[in-house]
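Below is one structure; the comments refer to it alone.
No value in this document is a laboratory result; all are computed from the given coordinates. Values in this document were obtained by computation on a predicted structure and should not be read as measured data. Neighbour counts are summed over all protein chains in view; Cβ atoms, including those assigned to glycine, are modelled from backbone coordinates with ideal geometry.
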Amino acid sequence: MIPYSKAVNLYNKHMLFLKIYDYNVLIPIIKNNNKVYLDMVDCNSKYINPKIQIFKGVEFGIFTTKSSLDFYKNLFKHPDKCKTIYHHWDITLEKFKPNDTNTVKIGYFGVQPKGFLYGEIPGIDFYEVTSTNFDDTLKSKMSNYNVQYVVRPLEEQKEFPALTKISTASVFSAPVISSKTNEMELLGEDYPYYIDDLNLESVLKTIEKVKTTFQKEEWNRAVDIMKSIRDQTSINSIVEDYLNVFQNLEEIPSFYTYAKSKKRAIYTANIGGYDRPIPLEPELTEGWDAYYFSDNPNFECPGWKHIYVDTEKIRLDSKVAYAREIKARPHLHLPNYDVTLWIDSNFTVKRKLNDFLKNLPDEDFIVTKHPKRSCIYEELQQPRVIVKTGQSILDEVKAKLERQCFPKNFGLQETNFLLRKNRESCRIIGELWWDYMETYHAYRDQLWLSYVLFKTELNISCVHREVRNRYFNIKEHPNLVTTTKKYALDFAPNNQAYVEIPHQKGLSLTGDLTVEFWLNLKEWPTTWTNIISKQLDDHRNEFCLRIKSTKVGQFYYTSENELVVLNWNPKNVLKLSSWTHIACVRKIGEFLKIYFNGSLMAEIDTPQKRKATETEVPILLMTNAQHSQFANAQMCDLRIWRKALSNEEIVAQMNENLRGNEEGLIGYWKFDSGEGNQLIDINLCYDGLIHKATWKNLGFI
């Protein structure tokens, strides 16, 4: 038995639902290609409008009374398969043996003590029973009564037949005093102790009949009927009835039904070594060919066949672009396969792929539904997307969507898993998908897929990530900078590590300025901690970039004893233990700006045409002038410019090596020596002194 929260994410299953009161919850279950069956509440009309068409999607129902079956069965897909199975009794009652008594003792065990004749019938003891108080004490009391009164005391509950009370009384072979309505289904036409009407006179008349026939023929007949009901409503009998109903169910067509006789390939792409290859276990991919696309000619990884990608032969914008093109167009790269399964290169297959297909609908194109958002416009505003793509590119994407009247909340997918048939509709989606990515240089592929569906009016199937996660593990991407960076400096706060670049006349940085570098922050500071600065204190400050916590960061300087401060939110742009390119830009009389991975994340106007206050202090990395705080981080590739770089210049150069003689470049510390206690400026003008920081080999050449 599983909760609804899990059932709603399953596909191609036979599902029996027990006593659902809001039948609208069945709609997504049925849409997931499941066959649904209902165990119905024992009422005729209390909760259900017979006009509701949801039932036409339900195979058939199991009912607790014949009258409710007759009332509902024509609403179902298969009325002839509907069946009545009476409630079973609580098996824990068996340990309480009925007490032998020579007199009639009558008890009522049921709902709250008010309503029809409650407490007004001489000779009947009334006990309130709820879902929380039906414990051994109450069950023991029940065994003391050799007759049970089972007429429901509430007028509004008359349509609920007391079949459960009857089956419970049968455990003790105790005859019941009952209404003569649906109860006849269990007790039969000739049961001797029915009341004629819902009034006190009729009840007292039946009580008197029980007493006068006690241990005589009618009494014994009633006891035999109760024993028969005990057998009929036992748990073993109920289980057997259910098994008879649901035996020989046919397999529901799944994606595997289609794919099992087809050529199947699982593939991924890793261009530039962004992820470390993950071995594939052959027994999990039986019947599949596995392909790993990479630009590493010496690639080897168990379970994968390598396809070399020559990035010199076909020139695209970036290494990401190569992977996205392969991802979008399997019909070009694996044309001889009927089925392709793309997984991102940080996926680990942990269960059999063929079993995975058995849990998916038989659709042409299957992806994972985005777990948090359903709108591309919202996705465009996410800090992580901005950092990875760039604000200017995203602005173009948004303008394109708005021009085409693309609606909000059209849907959003996670595209790290893609299952496709090699059919025309999938090829159309793939070609148009890649075309938009390439045209707009926006390789965050999930930004485009919904728009492609909007333009083509084609459909795909979106499954919940829980379905995917049962078969795959996802590893974090390793913390890579770029293949052009080999070394970094590691600053450990316990070592009080920092770098000092001594002041010289050429390092007066009071005018236009760009400071850019790569940072790998290891932990969030809890007090103001300088990342890079040339300041003595807040009033003598040429520039400073500092972080206080996940919520507060500043790029600021002092001008004529006045602080000029640009605030930014670190949590939105920095991920711990991940490399990020940071560029701090100052244009005197115009602005302060800060960029992360080439995307503008914060800015302020600075109309005052006043330069920064000049100091003669050194440039410090990862500490302040007083050496009272130290950052836990790694840094590499520091560049300082005597000019305000544009967004385009930052993006164009951030992953490239410079010559060192570029206009406006003051200092360029490549961090490429990998040893020693000096941080070398490429032009040998402004070498820095390393204090207790250690060299870190990033593993690239």
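For a paramagnetic label modelled at 7 Å from the Cα of residue 403 toward its Cβ, which residues of the stretch 442-462 fall within the zone defined by backbone nitrogen distances under 17 Å?
442, 448, 451-452, 455
Note down the net charge around residue 514, summing +1 for each Lys or Arg and -1 for each Asp or Glu among other residues with Cβ under 14 Å from its Cβ. Each step should come with its number before you reach the end.
Values: positive: 534, 586, 587, 593, 639, 642, 643; negative: 512, 516, 542, 590, 603, 637, 648, 649, 662, 663.
Local charge sum for residue 514: -3.
Would you grab the residues whose amide H sits under 5 Å from the one on residue 633? Only those 5+ places off in sequence or on another chain, please, with H modelled 1.01 Å from N.
For residue 633, whose amide H was placed from the backbone, the distant partners under 5 Å are 491, 522.
Taking residue 262 as the anchor, which aspartates and glutamates have their alpha carbon closer than 16 Å to its alpha carbon, excluding any fewer than eight residues away along the same chain?
Answer for residue 262, where 16 Å is the Cα cut-off: 286, 289, 338, 355, 362, 363, 364, listed by chain and number.
Once label points are set 7 Å from the Cα along Cα→Cβ at both residue 338 and residue 457, what is their separation, rounded to one decimal in nm?
For the pair residue 338/residue 457, the computed spacing is 3.0 nm.
Which far-off residues, 5 or more places away or on another chain, put their amide H under 5 Å from the one on residue 613, with H placed in the peptide plane?
Distant-sequence amide H within range of residue 613: 541, 558, 559, 560.
Please arrange 349, 499, 617 by counting, for each residue, the other beta carbons lying within 10 Å of its beta carbon, fewest first.
Working: 349 22, 499 25, 617 18.
Starting with the residue having the fewest Cβ neighbours, the order is 617, 349, 499.
Please give the Cα centre distance for the stretch 354-428 versus the stretch 631-695, rounded to the nearest Å.
First find each Cα centre; the distance between them is then 38 Å.
Considering only lysines 8 or more places apart in sequence, or on different chains, count the pairs in the stretch 513-601 whose C-alpha atoms sit under 19 Å apart.
14
Any chance you could run the full-extension gain for residue 224 through residue 614? It's 0.36 nm times the residue separation minus the Cα-Cα distance, nm to one decimal. Present the calculation step by step, with values, prior to reporting the outcome.
On the way: separation 390, 0.36 × 390 = 140.40 nm, distance 10.59 nm.
Going from the current span to full extension adds 129.8 nm.
Using 1/(1 + (r/R0)^6) with R0 = 51 angstrom and r between the beta carbons of residue 626 and residue 317, what's the FRET efficiency to the nearest 0.05?
Numbers: r = 46 Å, r/R0 = 0.89.
According to the calculation, E is roughly 0.65.
With a cut-off of 15 Å, note down the residues of the stretch 281-302 whose backbone N falls inside the zone around a label point 7 Å from the Cα of residue 310 toward its beta carbon.
294-298
Mind listing the phi-derived Karplus ³J(HN,Hα) values for the stretch 398-407, rounded to whole Hz, using 6.51, -1.76 and 1.60 with θ = phi - 60°, and x for any glycine or proline?
4, 4, 4, 4, 5, 4, 8, 6, 5, x
Calculate, for residue 95 and residue 22, the FRET efficiency according to 1/(1 + (r/R0)^6) with r their C-beta to C-beta distance and R0 51 Å; round to the nearest 0.05.
Numbers: r = 37 Å, r/R0 = 0.72.
Calculated value: 0.85.
Have a look at the DSSP beta bridges in the chain and tell me what percent are antiparallel, nearest 5. Walk me through the numbers on the way to the answer.
Numbers: 80 of 118 bridges.
Percent antiparallel among DSSP bridges in the chain is about 70.
So, how do all the Cα-to-Cα distances of the stretch 91-225 break down into 5 Å bins, in percent, from 0 on up?
2, 10, 21, 26, 22, 14, 5, 0
Hey, rough spin-label estimate for residue 662 and residue 281, points 7 angstrom out along Cα→Cβ, what's it come to in nanometres?
That separation, rounded to one decimal, is 4.8 nm.
Do any GluC sites (Glu not before Pro) in the stretch 298-398 lie in a DSSP loop with no more than 10 other beta carbon atoms within 10 Å, and if so, which?
On the way: sites: 300, 312, 325, 363, 378, 379, 396; in loops: 300, 312, 363.
Passing both the DSSP loop test and the Cβ count: 300, 312.
Run the numbers for residue 244 and residue 212: contour at 0.36 nm per residue of separation, minus the present Cα-Cα distance, in nm. Before the final figure, lay out the partial values.
Numbers: separation 32, 0.36 × 32 = 11.52 nm, distance 4.30 nm.
Net length gain for the segment: 7.2 nm.
Going by amide H atoms built from the backbone, whose H comes under 5 Å of the H on residue 14, apart from near neighbours?
HN-HN under 5 Å from residue 14: 35.
If you take the beta carbon distance between residue 126 and residue 185 as r and set R0 to 25 Å, what does 1/(1 + (r/R0)^6) give as a FRET efficiency, to the nearest 0.05? Kindly include the intermediate steps, with their values, before the conclusion.
Details: r = 25 Å, r/R0 = 1.02.
That gives a FRET efficiency of 0.45.
Counting Lys and Arg as +1 and Asp and Glu as -1, what is the net charge of the other residues whose Cβ lies under 10 Å from the Cβ of residue 430? Numbers along the way, then the final one.
On the way: positive: 327, 329, 420, 427; negative: 325, 431, 435.
It works out to a net charge of +1.
Looking only at Cα atoms, what is the convex hull volume of the chain per residue, in Å³? Mind dumping the intermediate values first?
Details: hull volume 163.8 nm³, N = 701.
Spread over its residues, the Cα hull of the chain gives 234 Å³ apiece.
Output ³J(HN,Hα) for the stretch 201-211: one whole-Hz value per residue in order, computed from phi by the Karplus curve 6.51 cos²θ - 1.76 cosθ + 1.60 with θ = phi - 60°, and x for Gly and Pro.
4, 5, 5, 5, 5, 6, 4, 5, 5, 4, 5
Through the Karplus equation 6.51 cos²θ - 1.76 cosθ + 1.60, θ set to phi - 60°, convert the phi angles of the stretch 75-86 into ³J(HN,Hα) values in whole Hz; use x for Gly and Pro.
Each residue of the stretch 75-86 in turn: 7, 8, 5, 10, x, 5, 8, 5, 8, 9, 10, 6 Hz.
What shape does the stretch 535-650 take by its C-alpha gyration tensor, where a ≥ b ≥ c are the square roots of the eigenvalues and a/c under 1.5 counts as rounded, a/b above b/c as prolate, and the rest as oblate? Intermediate results must be reported in sequence, preceding the final value.
Values: a/c = 1.56, a/b = 1.12, b/c = 1.39.
Verdict is oblate for the stretch 535-650.
Sort 595, 256, 556, 242 so the one with the fewest other Cβ atoms within 10 Å of its own Cβ comes first. The partial results should precede the final answer.
Details: 595 26, 256 19, 556 22, 242 15.
Ordered by Cβ neighbours within 10 Å, fewest first: 242, 256, 556, 595.
Please work out how much length the chain gains when fully extended from residue 575 to residue 523, using 0.36 nm per residue of separation minus the C-alpha to C-alpha distance, in nm with one decimal.
Numbers: separation 52, 0.36 × 52 = 18.72 nm, distance 0.95 nm.
Going from the current span to full extension adds 17.8 nm.
Given the pairs 327/475; 13/81; 19/56; 260/372; 6/66, which span a C-alpha to C-alpha distance of over 25 angstrom in this model?
On the way: 327/475 19 Å; 13/81 18 Å; 19/56 17 Å; 260/372 33 Å; 6/66 32 Å.
Where the Cα-Cα span goes over 25 Å, the pairs concerned are 260/372; 6/66.
If the reach is capped at under 22 angstrom between alpha carbons, list the lysines near residue 95, excluding any in the same chain fewer than eight residues apart.
105, 139, 141, 165, 227
I want to check the label-to-label distance for residue 695 and residue 439. Put each point 7 Å from Cα in the C-beta direction and report it in nm to one decimal.
My value for the distance between the label points is 5.0 nm.
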